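> Have a look at this one before I ask anything.
The values are calculated or read from the model by the stated rules, or taken from the named source; none is laboratory data. Note that this is a predicted model, so its numbers are computed, not measured. Every residue, glycine as well, gets a Cβ built from its backbone with ideal geometry; the counts of neighbours run over all protein chains shown.
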Amino acid sequence: MQSVPATVPLQRWEDLPGPRPWPVVGNALQVERDRMHKQLEGWAARYGRPFKFRIASRRFLVISDPDTIAKVLRDRPDGFKRPSRVERISREFGFLGLFSANGETWKRQRPMVLGSFDPTHIKAFFPTLAGVTGRLARRWTRAAQSGATIDLQADLMRYTVDVTAALAFGEDINTLESNEDVIQVHLNHVLPALVRRSLAPFDTWKYFPTREDRQLQQHLKAIHASVQSFIAGTRRKLEEQPQLREKPVNLIQAMIAARDRETGGLRDEDVSGNVLTMLLAGEDTTANTLAWLIWLLHRHPDALQRAAAEARSVLGGAVCPAGPEQLWRLDWIEACANEAMRLKPVAPLIFNEALRATLVEGVRVERGDIVVCLMRAGSLQETNFAQAQAFRPERWLAGEGAAAHSLASAKRVVMPFGAGPRMCPGRYLALAEIKMAAAMLLANFELQSVATPGVDEPREEIALTMYPVGLQMRLALPAAASM
Ligand code: HEM
C-alpha cells in the first residue's frame, strides 16, 4: 500500500457512514466491550462497508473485505502497527512482548519466537505434548467415572497453559493435576483489563482506581512472581549447562542468552514481557478454538461419528497419537478444526494503527487512525461459501466438498491466524494441540452432552479472544475402558 500524496482526490472521512457519536466521548459509551465483534459485524451490515466510529478523539475505520484486510495486514511493520494504546497499556502491565510491541523491539523479538515455535521444534516437543495430553485424558476419565460435569474452557486452559510453559520455558507446571490456586486464575484477568483500558475514552484508572483496578494489581503481582521464577530457574540451568547459551532448546533460554550478550539487543523487560505474552497468547486462543470445535462436533452427529472413527483408527487403541505422523493422518479432524475456525474465529477483530497517510478502500486514513479488520465477515458470505452458515468440514478436503480452486479461495478468505509479517507464530503448536486433544477425546470417550445450560447456543463473548460462555461437557467411558 502506498503513502498518499496530499493532492490525490480522496473519499472524505466525514462522508463515511457509522453510528452517531456523542460529544467528547464519541461512540465510547455505545461500544459493548464483551460483544464488540458482534456489534461491529451488525454495524457493518447496517451502515455498509467500510464504516467509521470514534472513541474520544481516536478514529476507527472498520473494513470487511478479505483482500483489503490481507493488504493491510501485509503492510506491517512499515504501514501499520499494533495500536499505541495497546502497546502502552501492555507495558504498564509488564506484558510488552511480541504481540503488543512495535518497531525495532518487535523486529528483534520476532525471529527468536518464530524459531522456537517452528515445525521442527514442535516435532521434537511431541513426547512432552503427548504426556500433557495423557494428563488431560486422566482428568477426564476421573470426571467420566464420577459423572462430574466438566467446565470445558477451564480444563482446556489448564491444558494449553501446561503445553505452552513446557514448550516455551521447559517448565512442567502441571496445572492439570493441581488442586491449588493455578496461574490461570490470575491470567484470566489480564486480557479483559487490556481491552477495557484500550477502549476507554480516558485513563480514568490512573486517577480514580476502582476495586477492579486494585484487584488487577494483585493478579499482576501473582503472575509476575511466576514469571520471575521461570526466569530464575532458566538462569540456574544456563549456569549449570553453559553450552545452552549457544544452542538454546526453548524460547526463554534463547531470550535470556540474547539478553546477556552485548549484541543481543534484549532487555530484562523484553524477556519477562514475552514469558507473559506466550502464556496469554497460547492460553485462550487454543482453548477457545477447541471448545468451539467440540461444541460444533457434538451438534453435528455425522461429522462427530466420522471424526471419532478416524481418531480410533489412527490411534489404534492408544490414548493419544504416538507421533507426529499420526497427527498428519487426522485429515477429517483437521478439516473440522478449519471449519470451526471459519465459523467461530477466536480472533474476529484485528486492530491496526496507521503509521502514515494511506488509502484503504478509497478512504483516506491519517497517521494514528485505527483500521479494524472484521475477520469473520468474508467467511460468512454466500459469495465465498455455499451455505456459509453451515458446519461443513468437507469444504476443506480437496476432492470431497472442495475443488482445488475453491479450497485456495477458502484459504484466502479465512485467516484465523492473521496474515503477513505478524501472522501468528504459534499456529503449528496450536494445530498440534487441537488435533491431539480432539483425537484423544474422540477416541476414548463418548460425548454425552456439550452445552451451556438453559440456552440452545452458547453466547459469544470477547475479551481480545472470542469464547463460548458457560460451556459444560459430560463424558462417558465406553464399556470396560480404563486409563
Ligand atoms: C488456535 C489458536 C490460535 C489462534 C486462532 C491465534 C490467532 C492469532 C492471531 C489472529 C494473531 C494476530 C495475527 C496478525 O496480527 O496478523 C496472533 C498473533 C500471535 N500469536 Fe496466536 N493464535 C493461536 C495460538 C497461539 C499460540 C499457541 C501461541 C504461542 C504460545 C500464539 C502466539 C502468538 C503471538 C506471540 C502473536 C503475536 C505475533 C506478532 O505480533 O508478531 N498464538 N495469533
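> Out of 139, 135, 108, which single residue is over 19 Å from the mean Cα position of the chain (by Cα) and more than 30 Å from residue 237 (Cα to Cα)? Even if it seems obvious, please write down each step before you answer.
Values: 135 fails: more than 30 Å from residue 237 (Cα to Cα); 108 fails: more than 30 Å from residue 237 (Cα to Cα).
Just a single option satisfies the conditions, and that option is 139.
> Near the ligand (Cβ under 10 Å from one of its atoms), aliphatic (A, V, I, L, M) and either surrounded by 22 or more Cβ atoms within 10 Å (Cβ to Cβ) or within 23 Å of residue 217 (Cβ to Cβ) (or both): does that describe residue 86? Spell out the reasoning first.
Numbers: near the ligand (Cβ under 10 Å from one of its atoms): no; aliphatic (A, V, I, L, M): yes; either surrounded by 22 or more Cβ atoms within 10 Å (Cβ to Cβ) or within 23 Å of residue 217 (Cβ to Cβ) (or both): yes.
No, not satisfied.
> Mind listing whichever residues of segment 59-103 are touching a residue at least 40 places away in the same chain (Cβ under 8 Å), assigned to a loop (DSSP other than H, G, I, E, B), within 20 Å of residue 280 (Cβ to Cβ) and not basic (Lys, Arg)?
83, 94, 95, 96, 97, 98, 99, 100, 101
> Also: Hey, any hits in segment 261-269 for a residue that's without any contact (Cβ under 8 Å) to a residue 24 or more places away in the chain and among the aliphatic types (A, V, I, L, M)?
no
> Taking segment 302-318 only, how many residues are over 27 Å from residue 468 (Cα atoms) and buried (at least 18 other Cβ atoms within 10 Å of the Cβ)? Quick ask: steps written out before the conclusion?
At the first step, the residues of segment 302-318 found to be over 27 Å from residue 468 (Cα atoms) are 312-318.
Narrowing further to those that are buried (at least 18 other Cβ atoms within 10 Å of the Cβ): 314-315.
Number of matching residues: 2.
> Now, a different point. Any idea which of 267, 299, 211 is within 27 Å of the chain's Cα centre (by Cα), away from the ligand (no atom under 16 Å from the Cβ) and within 30 Å of residue 471 (Cβ to Cβ)?
Details: 267 fails: within 30 Å of residue 471 (Cβ to Cβ); 211 fails: within 27 Å of the chain's Cα centre (by Cα).
Answer to the check: 299.
Rundown of residues vs (1) of a type in the set (S, T, N, Q); (2) at positive phi; (3) in contact with a Leu (Cβ under 8 Å, 6 or more places away or on another chain), yes/no style:
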residue: 109; (1), (2), (3): yes, no, yes
residue: 112; (1), (2), (3): no, no, yes
residue: 123; (1), (2), (3): no, no, no
residue: 144; (1), (2), (3): no, no, yes
residue: 163; (1), (2), (3): no, no, yes
residue: 174; (1), (2), (3): yes, yes, no
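> Across segment 160-183, what is the total count of residues that are in contact with a Ser or Thr (Cβ under 7 Å, 6 or more places away or on another chain), surrounded by fewer than 20 Cβ atoms within 10 Å (Cβ to Cβ) and in a helix (DSSP H, G or I)?
1
> Hey, another quick one. Would it be correct to say that residue 236 is over 22 Å from residue 173 (Cβ atoms) and either over 24 Å from the mean Cα position of the chain (by Cα) or not hydrophobic (A, V, I, L, M, F, W, C) (or both)?
For residue 236, the condition - over 22 Å from residue 173 (Cβ atoms) and either over 24 Å from the mean Cα position of the chain (by Cα) or not hydrophobic (A, V, I, L, M, F, W, C) (or both) - is not met.
> Select from segment 203-212 the residues that are of a type outside the set (Val, Ile, Thr) and part of a helix (DSSP H, G or I) and write down the one among them that is surrounded by the most Cβ atoms within 10 Å (Cβ to Cβ). Show your work before the answer.
If we filter segment 203-212 for residues that are of a type outside the set (Val, Ile, Thr), which is where we start, we get 203, 205-209, 211-212.
Next, from what is left, pick out any that are part of a helix (DSSP H, G or I): 205-207, 211-212.
Details: 205: 18, 206: 10, 207: 7, 211: 7, 212: 12.
It comes out as 205.
> Take the conditions surrounded by 15 or more Cβ atoms within 10 Å (Cβ to Cβ), at pLDDT 95 or above, within 16 Å of the ligand (Cβ to nearest atom) and not in a helix (DSSP H, G or I) and apply them to residue 376. Does it pass?
Values: surrounded by 15 or more Cβ atoms within 10 Å (Cβ to Cβ): yes; at pLDDT 95 or above: yes; within 16 Å of the ligand (Cβ to nearest atom): yes; not in a helix (DSSP H, G or I): yes.
It is true that residue 376 is surrounded by 15 or more Cβ atoms within 10 Å (Cβ to Cβ), at pLDDT 95 or above, within 16 Å of the ligand (Cβ to nearest atom) and not in a helix (DSSP H, G or I).
> Under 6 Å between Cβ atoms, which residue pairs at least 6 apart in sequence (or on different chains) link something in segment 456-477 that is free of Cβ contacts under 8 Å to residues at least 24 places away in the same chain and on the phi > 0 side of the Ramachandran plot with a partner that is more than 14 Å from the ligand (Cβ to nearest atom) and assigned to a loop (DSSP other than H, G, I, E, B)?
Listed pairs, sorted by first residue: 470/452.
> Somewhere in segment 44-54, is a residue of a type in the set (Lys, Arg), in a loop (DSSP other than H, G, I, E, B) and buried (at least 16 other Cβ atoms within 10 Å of the Cβ)? Before the answer, list the steps.
The first filter runs over segment 44-54 and keeps only residues of a type in the set (Lys, Arg), leaving 46, 49, 52, 54.
Then drop every residue that is not in a loop (DSSP other than H, G, I, E, B), which leaves 49.
The next check asks that each one be buried (at least 16 other Cβ atoms within 10 Å of the Cβ); those that pass are 49.
Scanning segment 44-54 turns up at least one residue that is of a type in the set (Lys, Arg), in a loop (DSSP other than H, G, I, E, B) and buried (at least 16 other Cβ atoms within 10 Å of the Cβ).
> Ok, one more. Here is a list of conditions, (1) at pLDDT 95 or above; (2) closer than 16 Å to residue 349 by Cβ, and residue 33 meets all of them except one; can you say which number that is?
Every listed condition holds for residue 33 apart from (1).
> Return the only residue of 123, 81 being modelled with pLDDT of 95 or more, within 16 Å of the ligand (Cβ to nearest atom) and either farther than 24 Å from residue 223 by Cα or surrounded by fewer than 22 Cβ atoms within 10 Å (Cβ to Cβ) (or both). First the steps, then the outcome.
Values: 123 fails: modelled with pLDDT of 95 or more.
Result of the check over 123, 81: 81.
> Within segment 390-416, which residues are free of Cβ contacts under 8 Å to residues at least 24 places away in the same chain and within 22 Å of residue 348 (Cβ to Cβ)?
Keep residues of segment 390-416 that are free of Cβ contacts under 8 Å to residues at least 24 places away in the same chain, which gives 390, 398-408, 411.
If the condition is that a residue be free of Cβ contacts under 8 Å to residues at least 24 places away in the same chain and within 22 Å of residue 348 (Cβ to Cβ), then 390, 411 are the ones that fit.
> Within the group 251, 279, 238, which residue is touching a Lys or Arg at 6+ places or on another chain (Cβ under 9 Å) and either surrounded by 23 or more Cβ atoms within 10 Å (Cβ to Cβ) or without any contact (Cβ under 8 Å) to a residue 24 or more places away in the chain (or both)?
Numbers: 251 fails: touching a Lys or Arg at 6+ places or on another chain (Cβ under 9 Å); 279 fails: touching a Lys or Arg at 6+ places or on another chain (Cβ under 9 Å).
So the residue among 251, 279, 238 that is touching a Lys or Arg at 6+ places or on another chain (Cβ under 9 Å) and either surrounded by 23 or more Cβ atoms within 10 Å (Cβ to Cβ) or without any contact (Cβ under 8 Å) to a residue 24 or more places away in the chain (or both) is 238.
> Being closer than 21 Å to residue 347 by Cβ and at pLDDT 95 or above is the requirement here; does residue 371 meet it?
Working: closer than 21 Å to residue 347 by Cβ: yes; at pLDDT 95 or above: yes.
For residue 371, the condition - closer than 21 Å to residue 347 by Cβ and at pLDDT 95 or above - is met.
> Still on this structure, I have one more. Taking helices (runs of 4 or more DSSP H) that do not extend beyond segment 213-318, which have at least 1 residues that are farther than 23 Å from residue 330 by Cβ and small (Gly, Ala, Ser)? So that I can check it myself, show each step before the final result.
Numbers: elements: 251-260, 268-299, 301-315.
The qualifying helices (runs of 4 or more DSSP H) are 251-260, 268-299.
> Of the conditions (1) buried (at least 16 other Cβ atoms within 10 Å of the Cβ); (2) closer than 28 Å to residue 246 by Cα; (3) basic (Lys, Arg), residue 107 clears all except one; give me its number.
Looking at each condition in turn, residue 107 falls short on (1).
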